[in-house]
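The values are calculated or read from the model by the stated rules, or taken from the named source; none is laboratory data. Just so we're clear, the structure is a prediction, and the values are computed from it rather than from any experiment. Neighbour counts are summed over all protein chains in view; Cβ atoms, including those assigned to glycine, are modelled from backbone coordinates with ideal geometry.
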Amino acid sequence: MSPDTESMSVCGCDPASLRELRAQRLLHREAELLDAWQFEEWLELMTEDLRYWAPVRTNRMWRERSRSISMPGESAHFDESLDQLRERVDRLATHMAWAEEPPSRTRHLVTNIRVEPTADPAEILCRSNFLVYRTRSERDMDQVVGTREDILREVGPGEFKIARRTVIFDMATILVKNLSLFY
Amino acid sequence: MNVDIDGLFDFDAGMVCAEIFVDEDVYKLELERVFGRSWVFLAHDSMIPRAGDFLQTYIGEDPIVVARQKDGSVRAFLNQCIHRGMRICRADEGNARSFMCSFHGWTYDTAGNLTGVPHEKTVYRPNTFDKSTRGPRKVTRVESYKGFHFGTWAEDAPSLLEYLGDMAWYFDAYIDRYSGGLEAIANHRWIIPANWKLKAEQFASDALHAEISHASAIQVMTPKGTETAETNHAVRAVNATGHQFASPYGHGTGWFDVPGSLHPDPVVANWENEQRENVASRLGALRADTARGHATIFPNFHFLLNGTFRVVHPRGPNEMEIWAWTMVPAEAPEPVKENYARSLTRTFSPSGMFEQDDAENWAEIQRILRGKVARGVRLSYEMVHDPLPSGASEFPGYVVPANYSDVAALGLYRHYADLMSSHTWAEAVEMKLQREAAK
C-alpha cells in the first residue's frame, strides 16, 4: 500500500484531499512559526535546495502585460537560497536589526490554498494567497497582500517541505517602508 | 509663504534646524526653487534604448514622460494633457508611437507634440485653434552626461557639465570605469514616510551611520571563519583613512581609501579586482583604487559603489518615493551581473538588509518632528575638517581628508540655502562668488 492509500484508509480522504490537507497544515504551521518569531524552526520547513523568489511588478499597457511581472534574473524583492535566508534570520537574531528591534507583531493570514500534482510524483504545486498584517512601535501599521506559488516536496511519508517559493506582491510601488520579514 | 532660510542654518557652527524636514512652506518653496530649477535625473540610455521607448518619471512632484526619438535624441515633457489636465501616459514604461489621453482622446507624439484632436475640424474654430501651440509643457532643457539624461525647467541654469563641475570626475569613478559603460537591469520602488533630504544628505556625507545602523547586516554578511580583520571589507573600510568632496552646487561624495574591490559578493569582487588594470588605464590609479563610496548629485540622484543608482521623488515634506536601479557593467559576464543584482536585492532594496534599517531611522526622525519643540531643534553637523591645500592631492575640488565628516552635507545645504533664497540662477551664483571673495 502506498502511504496515500494507507492514510486514506485511516482518515477516509481521497488522495487529492489528503494532499490538500497536508499542504494546508504545512502553510498554517509556517504562518504560526513566522508570527511567533520562531525563524529557526521556520527554516526547517524548507528543503536544502530552496529557491525563495519574489519578482517585481510594473504598470504596463495591456499589450505589454507579459512584462508586468519581472522574470527570473530581472528585478526581484527576494532572490534567496536557504543559506541566504538563514543570513536574514541570523540578522534578526543579532537584535541590532533596528527595523525589527523592538520586534514587529505580525499576523500571516493564508487563504485560497489550491493544490495540484506535478510531473514529479514527489512534488506538488501549491498556490495560496496571503495577507501579512504588521504593527510595530507605538502606532505603525501596514499590510502586505499577495499570492504565492510553492513547490512542496514529500521528504518522508506524508511529510512535505517547501522546495520553491514564488511570492508575488500585489503592489507595484511597495507602499510600506520595508519588507523586513518573510512572506 | 514666509520662510526665513537664513534662520534655518548656521553654517559656521554646523547647525541645521530640523524645521527644514517638516515645514509645509519650506516644502512648497523647494518644489519651486529646488526642483523647479535644478538638473534632475530623468533616465539612462539603457532604460530607453530603442526609438519609441519611454518611461514615466518625476521632477519633484511633476510627472514627466521621457522618450527616445527616431533620431536617437531623448525628449521629456510634462505628463499632463493640455486639454483638461489628465495624465497622458499611465504605464511606467514601454514602447509607443504616440500617447493618447484617455479622457477625450487628444493624442501626442513621443516628443510631446499634439498631433490629433477628435472632431478638430468640426468643433473647434480653425482660425483660433492651432494644434502646434497646444501641447504639454516640454522640459525646458534636457542634457546628458555619458548616457545619463538630466532635465531642468530653468532657462538660466548653468549647463549640465558646468553644474556637475568637479563632481563629474567623481561621477566617472562610478559610471565610466568600464569600456561598455553601465546598464540598468533591475528597479525597485518604494516609499518611506520621511523627508527626501534625509536621503540626500546621507548619500552625500554620512558614512558614520553604517557601523551602528547597519551593525546587524555587517555582522551576518561576514562569512564565518573565513575572514580576518585584514580581509573583511567592512572592517577594512572603517579602519582606513577616507575623504569627502563637497561641491559648490550641492553635490557630495565620500569614500574610504581602500584599494581592491569592497564588494561583499566574492564573484563580483574577483571580477572587479581582475579589471583593476583596465580601470587604471581609463581613469588613472587614484580612481581605480579609491574615490568612490557614496554620492549625491544635488538634489535627488544618489548612488553607491555597489551599483545602486536611485532618484528620490519628494512626496510632501513627510514622504519620499525611492526608485532604485541596479546598474551593472555592460561588459561583465552574465554570472557577475546576476550577482551584482542579487547582492543589491539582499542589501539595498525594500527587503535589503541595509536599507531596512535606514527606513526605520528616517521614519522615526520624521514622526518626532510633529513635535513643536522637536522641529525647532538645531541638529549637529559639527564634524568639520579643513580642506586639503590646493595641489596637495589629485582629488579635484573641495576635499577633506576624512570620510567621517559633515562637510558634504553642509555643502549640500549651503547650495540648497542659496537656491531657496534666490529667484534666479545668477543671484544664486553671485552669493557663492561673494562668499569666495570674502574668504
Checklist line | Conditions (1) farther than 20 Å from B:Gly260 by Cα; (2) within 14 Å of the chain's Cα centre (by Cα); (3) buried (at least 22 other Cβ atoms within 10 Å of the Cβ); (4) within 14 Å of chain A (Cβ to nearest Cβ); number of the one not met by B:Gly307 | finding: (1)
Item checked: B:Ser38 buried (at least 23 other Cβ atoms within 10 Å of the Cβ) and polar (S, T, N, Q) -> yes
Next item on the list: Kindly indicate which of B:Trp169, B:Trp190 is in contact (Cβ under 8 Å) with a residue 24 or more places away in the chain and in contact with an Asp or Glu (Cβ under 9 Å, 6 or more places away or on another chain).
Entry: B:Trp190
Check: Which residues, counting only those in segment A:87-121, are within 19 Å of the chain's Cα centre (by Cα) and either within 23 Å of A:Glu159 (Cβ to Cβ) or small (Gly, Ala, Ser) (or both)?
Finding: A:Val89, A:Ser104, A:His108, A:Val110, A:Ile113, A:Arg114, A:Val115, A:Glu116, A:Pro117, A:Thr118
Notebook entry, point to check: Scanning segment B:398-439 for residues that are β-branched (Val, Ile, Thr) and under 25 Å from B:Gly254 (Cα atoms), which turns out surrounded by the most Cβ atoms within 10 Å (Cβ to Cβ)?
Noted result: B:Val407
Note to self: When you scan segment B:202-210, do you find a residue that is in contact with a helix residue (DSSP H, G or I) (Cβ under 6 Å, 6 or more places away or on another chain), buried (at least 20 other Cβ atoms within 10 Å of the Cβ), within 14 Å of chain A (Cβ to nearest Cβ) and not in a loop (DSSP other than H, G, I, E, B), even just one?
What the structure shows: no
Note to self: Let me confirm something: among B:Arg378, B:Arg367, B:Arg342, which residue is in contact with a Cys (Cβ under 7 Å, 6 or more places away or on another chain) and either among the small types (Gly, Ala, Ser) or at pLDDT 95 or above (or both)?
What the structure shows: B:Arg378
Checklist line | Single condition A:Val110 does not satisfy, out of (1) within 14 Å of chain B (Cβ to nearest Cβ); (2) among the β-branched types (Val, Ile, Thr); (3) under 19 Å from A:Val167 (Cβ atoms) | finding: (1)
Next item on the list: Assess whether B:Glu93 counts as being within 14 Å of another protein chain (Cβ to nearest Cβ), farther than 13 Å from B:Ile82 by Cβ and touching a residue at least 12 places away in the same chain (Cβ under 8 Å).
Entry: yes
Note to self: When you check B:Arg177 against the structure, is it in contact (Cβ under 8 Å) with a residue 60 or more places away in the chain, of a type in the set (Lys, Arg) and over 19 Å from B:Val336 (Cβ atoms), yes or no?
What the structure shows: no
Next item on the list: Being in contact with a helix residue (DSSP H, G or I) (Cβ under 7 Å, 6 or more places away or on another chain) and on the phi > 0 side of the Ramachandran plot is the filter here, so list the residues in segment A:42-96 that pass it.
Entry: A:Gly73
Note to self: Residues to consider are B:Ala76, B:Ala43; find the one that is away from every other protein chain (no Cβ under 14 Å), crowded, with 22+ Cβ neighbours inside 10 Å, closer than 21 Å to B:Pro314 by Cβ and touching a Lys or Arg at 6+ places or on another chain (Cβ under 8 Å).
What the structure shows: B:Ala76
Next item on the list: Only residues that are among the polar types (S, T, N, Q) and either farther than 20 Å from B:Asn270 by Cα or not in a strand (DSSP E or B) (or both): list them for segment B:316-356, please.
Entry: B:Asn318, B:Asn339, B:Ser343, B:Thr345, B:Thr347, B:Ser349, B:Ser351, B:Gln356
Item checked: Residue match in segment A:109-132 (condition: charged (D, E, K, R) and within 26 Å of B:Glu321 (Cα to Cα)) -> no
Check: Given the structure, is A:Leu179 assigned to a loop (DSSP other than H, G, I, E, B) and either of a type outside the set (Ser, Thr, Tyr) or under 27 Å from B:His214 (Cβ atoms) (or both)?
Finding: yes
Notebook entry, point to check: If you check every pair at least six apart or on different chains, which have Cβ atoms under 6 Å apart with a residue in segment A:118-129 that is of a type in the set (A, V, I, L, M, F, W, C) first and a residue that is part of a loop (DSSP other than H, G, I, E, B) and modelled with pLDDT of 95 or more second?
Noted result: A:Leu125/A:Thr118
